[in-house]
Amino acid sequence: MAEYKTFNQLPETTPDEIERKAKAYKKFIDGKGFIFLKAMADTQVAQFFIPKTEANKDYLMTDADFRLILSGYKGWQDRKVAKATAIALEQRFFHWFIEFPEVFDEGGFDCDLGNPPFLGGQKISTALGNATLNCIHYVYPPTSGTCDLVAYFFRRAFSLIKTHGFISLISTKTISQGDTRLGGLEKILFDGGRINHAIRSIKWPGEAAVKVSLVTIYKGMWSRSIFLEGKEVHVITAYLDDAKTKGNPYALNQNENKSFIGSYVLGLGYVLETSVAFALIDKNQKNKMVLFPYLNGDDLNNNIDQKPSRWVINFFSWPLKRYDDEEWGALTAKEKEKILTRIKENKVVPFAPPKYEGYVASDFPDCLNILEELVKPERQRWKKDARGIEIEGKYALREPLPEFWWIYGEKRPALYKAIASLDKVSVHTRVTKTHAFVFVPNGWVYSEAIVVFKDDRFSLMQSSIHEYWAWNYSSSMKGDRRYSASDAFETFPFPQDASSNQNQKLEQIGNKYYEYRQQLMLGIQLGLTKTYNLFHCNAITTQSITDKDKLVMALRKHLDKTTNTISFDEATKGILKLRELHIQIDYAVLTAYGWNDIELRHDFYEVDYLPENDRVRFTIHPDARREVLKRLLELNHKIHEEEVKAGLWDKKRTSGKKSRSDEVSEPEVGYGGLFNQEG
């Protein structure tokens, strides 16, 4: 800093002075002090980008060596630092405190205005590589699950401003949702930030059809006006609302292993038209064992009967083929033991020994040939090296890709095991704005676009009470909700002390609602999405029907041209009846919780979680929504405390928080402090 200040104080009012200052700057950055500092900063970050292999061990620097160099007890011009410098040039490392020394000498920037890049948390390693992801997670450990990239930019920007400074950034709406909220805004508020201005959802002014959030954060205590959506409020939370919350919900032991995401087949060749599947079965009845109806989100929301429109090939975890005696005999004892162990554990193996009595994929050549032609070439393009990083424009996934090309990308064995004894299951489309639960037969394959529940409490799940909880604790995609099994269901506190009469009432009204909804959809020949669009249409009321409304006009036209439908008058009365039943469900649920003091006041209200041009919904009053969410959160915490006291969360499980396979293990301390603003 002393050297920098000497250079920085040089005048620059004439061309000669500017030239002299430029030469002084070059001398400064070529000086030993600057070069040493940058080399040390590069060396820290480079360790994430050097593969930890035997061949590279001479290029890796330990923390002990690094500290000796910083302290002056060891020289720094060696192959390790040279390697780090080369990687820094290749990866374009950037160190704020070195590039802006005068700023950080004063504690940081006064203000940071920006539009950080938008990239989903699961895609960071795909786009930027595992090395970058690990480096980001080391500097800014995620507090829960997988944050979108924008959350790390928010935290980085916050670390770069001085006390009493501001950041004002544009973000995707996910900044206030799910894991991205926990790892971004929640962490910033915990570290002393205060949100003093926010617009939760606004249409992006460019060509992209996305909604964005605008967020301004102050570092320190803020005592002046706070504005949310243009209105003055007392506080703005990490959810970008003004409701005072008491923390975040915990996953509850009582909800564990009851909600699942469907199978990710990964390969269009698996999916067959119904006629093709029937032809395969007609050719060989044995093919029934590996052909199943395939339910996806579009079928569930748009088909009148919610039945699958296509079928899918499913080889479960079966091996590809059997070895003959000669092939099996050629294996070593160790190889045989490994194979038999994997078979016993029901893991995928590329073959099976002669004594293995289960089926293998090659027992069904008609179906296997389809996958070999359409899926195998696609899977083989997914290459994988020792580090599992991006290669040739494709990124590596865990097995069974590409080696086990006849097996689904994600088989979801826990799902199918959990529901094995059930005749039917409850399902919900994962990405949709339509809150609608449906019962479907067990025995289908459910796609990753479906959430499957081993829970038949329809009234509770279909109610406005659960709907708002799910909107509050799930993320969104454009205008749709991305229902999170872990954040929306596993945390949901069901009534704990409901009487048998109350539960019976819930079941009765739930059955009545469900059956009536099914008959209404058949009568108007519309699926769930379009039926609920009419349900929320404020042009259809008990007082009048607005014929000029687009949805009303579309309904009239649809009923006129579609055979076997009910009349327009019957259809609108049916929508009104469905609303009445929904009100009954909501009040029955409130009674089960013992919250009869809350007046729900069902009517048409704007909801802030939907796009500006589609916010009106037939639902409960905003005040009732806030009170319900507050009480649900309190109940969640109460149940969690009771579960902890009962010993239901052992030491190997974080209390109320489930481990994620995609999390990176983090060291306990940082790397010498060069990543923070003090530098």
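Quick one: which of Ala436, Ala449, Ala470 is modelled with pLDDT of 90 or more, among the hydrophobic types (A, V, I, L, M, F, W, C) and over 30 Å from Arg631 (Cβ atoms)?
Ala449
Which of the residues belonging to region 608-665 are at pLDDT below 90 and among the hydroxyl-bearing types (Ser, Thr, Tyr)?
Residues satisfying the conditions are Tyr609, Thr654, Ser655, Ser659, Ser661, Ser665.
Scan region 359-375 and give yes if some residue there is over 33 Å from the mean Cα position of the chain (by Cα), at pLDDT below 90 and either farther than 15 Å from Tyr408 by Cβ or part of a loop (DSSP other than H, G, I, E, B) (or both), otherwise no.
Yes, there is a match, as at least one residue in region 359-375 is over 33 Å from the mean Cα position of the chain (by Cα), at pLDDT below 90 and either farther than 15 Å from Tyr408 by Cβ or part of a loop (DSSP other than H, G, I, E, B) (or both).
Of everything in region 259-303 that's touching a strand residue (DSSP E or B) at 6+ places or on another chain (Cβ under 9 Å), open to solvent by 20 Å² or more (accessible area, probe 1.4 Å) and of a type in the set (Ser, Thr, Tyr), which residue is modelled with the highest pLDDT?
It comes out as Thr274.
Report, by residue number, each residue of region 211-258 that is surrounded by 19 or more Cβ atoms within 10 Å (Cβ to Cβ), under 19 Å from Leu633 (Cβ atoms) and among the aliphatic types (A, V, I, L, M).
Answer for region 211-258, where residues must be surrounded by 19 or more Cβ atoms within 10 Å (Cβ to Cβ), under 19 Å from Leu633 (Cβ atoms) and among the aliphatic types (A, V, I, L, M): Ile236, Ala238, Leu240, Ala251, Leu252.
Would you kindly identify the strands (runs of 3 or more DSSP E) lying entirely within region 204-313 that contain at least 1 residues that are in contact with a Ser or Thr (Cβ under 8 Å, 6 or more places away or on another chain) and hydrophobic (A, V, I, L, M, F, W, C)?
Counting at least 1 such residues, we get 211-219, 291-295, 310-313.
Can you give me the number of residues within region 402-417 that are more than 27 Å from Met477 (Cα to Cα) and open to solvent by less than 20 Å² (accessible area, probe 1.4 Å)?
The qualifying residues number 4.
Quickly run through region 314-356 and pick out the residues that are farther than 21 Å from Tyr270 by Cα, of a type in the set (Phe, Trp, Tyr), at pLDDT 75 or above and part of a loop (DSSP other than H, G, I, E, B).
Result: Tyr323, single match.
Could you tell me which residue of region 3-33 is nearest to the chain's Cα centre (by Cα), considering only residues that are outside any helix (DSSP H, G or I) and of a type outside the set (Gly, Ala, Ser)?
In this case the residue turns out to be Asp30.
How many of the residues making up region 188-203 are in a strand (DSSP E or B) and of a type in the set (A, V, I, L, M, F, W, C)?
4
When residues of region 47-91 are filtered for being on the phi > 0 side of the Ramachandran plot and either among the polar types (S, T, N, Q) or at pLDDT 90 or above (or both), how many remain?
Residues meeting the conditions: 0.
Scan region 209-223 residue by residue and report those that are out of contact with any Phe, Trp or Tyr (no Cβ under 9 Å at 6 or more places or on another chain) and over 17 Å from Ile188 (Cβ atoms).
The answer is Ala209, Ser223.
Any idea how many residues of region 513-572 are at pLDDT 95 or above, open to solvent by 50 Å² or more (accessible area, probe 1.4 Å) and touching a Lys or Arg at 6+ places or on another chain (Cβ under 8 Å)?
Number satisfying all stated conditions: 1.
Looking at (1) at pLDDT 90 or above; (2) under 26 Å from Ser486 (Cα atoms), which is the only condition Phe158 fails?
Here Phe158 meets the rest and fails (2).
Specify the residue that is farthest from His466 (Cα to Cα); the eligible residues are those in region 594-625 that are in a helix (DSSP H, G or I) and in contact with a helix residue (DSSP H, G or I) (Cβ under 9 Å, 6 or more places away or on another chain).
Ala624
Filter region 423-440 down to the residues that are touching a Leu at 6+ places or on another chain (Cβ under 9 Å), open to solvent by less than 40 Å² (accessible area, probe 1.4 Å) and part of a loop (DSSP other than H, G, I, E, B) and list them by number.
Thr434, Ala436
If you check Ile50 against the conditions, is it open to solvent by less than 80 Å² (accessible area, probe 1.4 Å) and not in a helix (DSSP H, G or I)?
When the stated conditions are applied, Ile50 passes them.
Looking at region 253-270, I want the residues that are among the aliphatic types (A, V, I, L, M) and have a partner that is open to solvent by 40 Å² or more (accessible area, probe 1.4 Å) with Cβ atoms under 6 Å, at least 6 apart or on another chain. Which pairs are those?
Cβ pairs passing all conditions: Ile261/Glu448.
Kindly check whether there is at least one residue in region 584-604 that is open to solvent by less than 20 Å² (accessible area, probe 1.4 Å) and more than 30 Å from Lys638 (Cα to Cα).
For region 584-604, residues open to solvent by less than 20 Å² (accessible area, probe 1.4 Å) and more than 30 Å from Lys638 (Cα to Cα): absent.
When region 304-316 is examined, which residues are found to be open to solvent by less than 40 Å² (accessible area, probe 1.4 Å) and out of contact with any Pro (no Cβ under 7 Å at 6 or more places or on another chain)?
Scanning region 304-316 gives Gln306, Val312, Ile313, Asn314, Phe315.
Which of the residues belonging to region 53-84 are outside any helix (DSSP H, G or I), exposed (fewer than 12 other Cβ atoms within 10 Å of the Cβ) and over 40 Å from the mean Cα position of the chain (by Cα)?
Ser71, Gly72, Tyr73, Gly75, Gln77
Filter region 163-178 for residues that are in contact (Cβ under 8 Å) with a residue 60 or more places away in the chain and either of a type outside the set (Ser, Thr, Tyr) or farther than 23 Å from Ile202 by Cα (or both) and give the result.
If the condition is that a residue be in contact (Cβ under 8 Å) with a residue 60 or more places away in the chain and either of a type outside the set (Ser, Thr, Tyr) or farther than 23 Å from Ile202 by Cα (or both), then Lys173, Ile175, Gln177, Gly178 are the ones that fit.
Where the second residue is among the aliphatic types (A, V, I, L, M) and not in a helix (DSSP H, G or I) and the first is under 15 Å from Ile575 (Cα atoms) and lies in region 549-560, which pairs have Cβ atoms under 6 Å and are six or more apart or on separate chains?
From region 549-560, the pairs are Val552/Ala539.
Among the listed residues Thr565, Thr591, identify the single one that is more than 19 Å from His621 (Cα to Cα) and either in contact with a helix residue (DSSP H, G or I) (Cβ under 8 Å, 6 or more places away or on another chain) or not in a loop (DSSP other than H, G, I, E, B) (or both).
Thr565
Does any residue in region 15-39 that is over 28 Å from Phe66 (Cβ atoms) come within less than 7 Å, Cβ to Cβ, of a residue that is of a type in the set (A, V, I, L, M, F, W, C) and in a helix (DSSP H, G or I) six or more places away or on a different chain, and which pairs are these?
Short answer, once both residue conditions are applied: Ala24/Phe7; Tyr25/Phe7.
Would region 239-248 turn up any residue that is touching a helix residue (DSSP H, G or I) at 6+ places or on another chain (Cβ under 7 Å) and either without any contact (Cβ under 8 Å) to a residue 24 or more places away in the chain or of a type in the set (Phe, Trp, Tyr) (or both)?
yes
The values are calculated or read from the model by the stated rules, or taken from the named source; none is laboratory data. This one's a predicted model, so the numbers in the text were calculated from it and none came from an experiment. Here Cβ is always computed from backbone atoms with ideal geometry, including for glycine, and neighbour counts include all displayed protein chains. Areas reflect the complete protein model, heavy atoms only, side chains present, ligands, DNA and RNA absent. Shrake-Rupley method; radii C 1.70, N 1.55, O 1.52, S 1.80 Å.
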